[in-house]
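K.L.:
Below is the structure I would like to discuss, written out as structure tokens.
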Amino acid sequence: MALETSLHSWHSTHGARMVDFGGWDMPVQYTTIVDEHVSVRNDSGIFDIGHMGRLRIHGPDSTNFLQLTCSNNSANLRAGQVRYNLVCNEKGNILDDILVYQHADDFILVVNASNRLKIVSWLESNIKSLNVKIEDQTLSTSMIAVQGPKSINLAKQLISNDISKLGYYFSFDSKTMDIPSLVSRTGYTGEDGIEIILPRGEEIKVWEKLVSLGCKPCGLGARDTLRLEAGMPLYGHEIDESTNPLEAGLGWAVKFDKGEFIGKEALLKEKNTQSARIRVGVELSGKRIPRELYPITKNGTVVGKVTSGTFSPTFNKSIAMAYVPATLSAIGTELDVDIRGKSEPCKVVPLPFYKRKTT
Amino acid sequence: MAAFAITEFGKLLGGCLFILDRSKMLQGVFTMDPLKLRYTKTHEWAAIEGNICTVGLTKFAVDLLTDVIYIDMPDVGDPALKGDSFGEIESVKAVSDIYAPVDGEIVEVNDKLVQDPAAISKDPFGKGWLVKIKMSGKPNLDHLMNHAAYEKQIASESH
């Protein structure tokens, strides 16, 4: 039985097509993916991201515990700061990519829906003698994202603290329409915006208010094309238990100098020998979409594979992320994608494909 | 999640299907006549005039695809084999084969659609036609559904 957010019936009654995603019945689109995508790039969009896992980590050893179980540094987070982090296994492969919020006297972890139960039990198995508690708050809370260049101006009318002064990747406890909430300047679209965690059920009135102010409801389809343009990995595609952070281009989230952590030894070895394959962005000259698992070839020989691809509404061309040998990963390298038996030329381009202009 | 399968059909489009009757078009009159079309299980429509079968995709199918970005068409002169793929339609969400409803030879391809694939979404039963097939032998259309049967199928798929 698929899980549902409390916005589920709103989605169904507003024309959303629903799909199973990470064990949740979620909206994939209301109008069209391109229409919703363009709204977020030019204006503002609102996403139900209640499926994301929300874990509270508390207790005196919380910082040490996160240092041990995650590759990035959580010891030097400032009050309210949010940081991208990775949970790796002993082999240095990725169990999940997460956000860690420094929050009052505890930490909030936002984990992928499909990995929530796995991560909860993995974290619990690593508590050992540490004095730390893990509280899975996913089913008692909700989460929405408001994204796009106009999102801050729209959302700030509803929030008691001034979100326009909130730094990128910072958060604060605030009231959203008088509802206690945790607001962060974060997102998964490549645009400015916020994500709000609220008590379950309370997000409906915030959602409806934001929609009435002009925020366009967007589904997971647009969320996928937006994050792809922004070069962000999606668990289960660019990263999984057979990939490590270094080959995935996430070495910046691995801090070898912070002390011991699970996977450090394996990742040090990988760092010293250099990764054999690397995640790259590719751009096609044709309009066909290179989809997940399509082979990347060079002179007719398979050298890699696509992890996700789409037709980029922003650039009006087909783009993809792929793993290719390090020797074929230089910007400008010409390769081919095998699209259902037809070879289509592509070339390696810098990631991200899309970077917003910051003022 | 990158590629949604086309089989994840969601919403049923309501109401009836609007079809242009070419004979009436000549007189400048547009008529809805869904009964004159035949349908495949894979959402192609077929309009038969003499031994020429015009093929397109139904509104139901293109509404589910949305954001069509590419249509791979056969060449004029290519053989068409009933039930075999003669082309592909690609949207941001999914890619899907297009199947020939009848046996024959491709005698015309809608080139305007190749240049502007999104046009199929605007007028799937009119300007969005895909190809014309010259049917070989004595046309047998028994395997194709009539409008009522097709409506029944899409009603069951939309749950």
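K.L.:
Any residue at all in region A:150-166 that is within 20 Å of A:Ser71 (Cα to Cα) and in contact (Cβ under 8 Å) with a residue 12 or more places away in the chain?
P.N.:
no
K.L.:
Can you tell me which condition A:Asp257 does not meet? The list is (1) within 25 Å of A:Asp224 (Cβ to Cβ); (2) charged (D, E, K, R); (3) free of Cβ contacts under 8 Å to residues at least 60 places away in the same chain, and all the others hold.
P.N.:
(1)
K.L.:
Applying the selection to region A:124-152, what residues are in a helix (DSSP H, G or I), within 30 Å of A:Lys355 (Cα to Cα) and aliphatic (A, V, I, L, M)?
P.N.:
A:Ile152, the sole residue that qualifies.
K.L.:
For residues that are touching a residue at least 40 places away in the same chain (Cβ under 8 Å) and among the polar types (S, T, N, Q), scanning just region A:260-280, find the one that is surrounded by the most Cβ atoms within 10 Å (Cβ to Cβ).
P.N.:
Result: A:Ser275.
K.L.:
Okay, moving on. Restricting to region A:284-338, and then to whatever is charged (D, E, K, R), closer than 28 Å to B:Gln115 by Cα and crowded, with 17+ Cβ neighbours inside 10 Å, can you tell me which residue is nearest to the chain's Cα centre (by Cα)?
P.N.:
The residue in question is A:Glu292.
K.L.:
Restricting to region A:133-145, count the residues that are out of contact with any Leu (no Cβ under 9 Å at 6 or more places or on another chain) and over 10 Å from A:Ile197 (Cα atoms).
P.N.:
2
K.L.:
Pairs, please: C-beta under 9 Å, at least 6 apart or cross-chain, first residue within 11 Å of A:Ser62 (Cβ to Cβ) and in region A:124-137, second among the small types (Gly, Ala, Ser) and not in a loop (DSSP other than H, G, I, E, B)?
P.N.:
These pairs meet every condition: A:Leu130/A:Ser62; A:Asn131/A:Ser62; A:Val132/A:Ser62; A:Lys133/A:Ser62.
No value in this document is a laboratory result; all are computed from the given coordinates. Predicted model, so just to flag it, every value in this text is computed and none were measured. With ideal geometry, Cβ positions are generated from the backbone for all residues, glycine too; neighbour counts draw on all protein chains shown.
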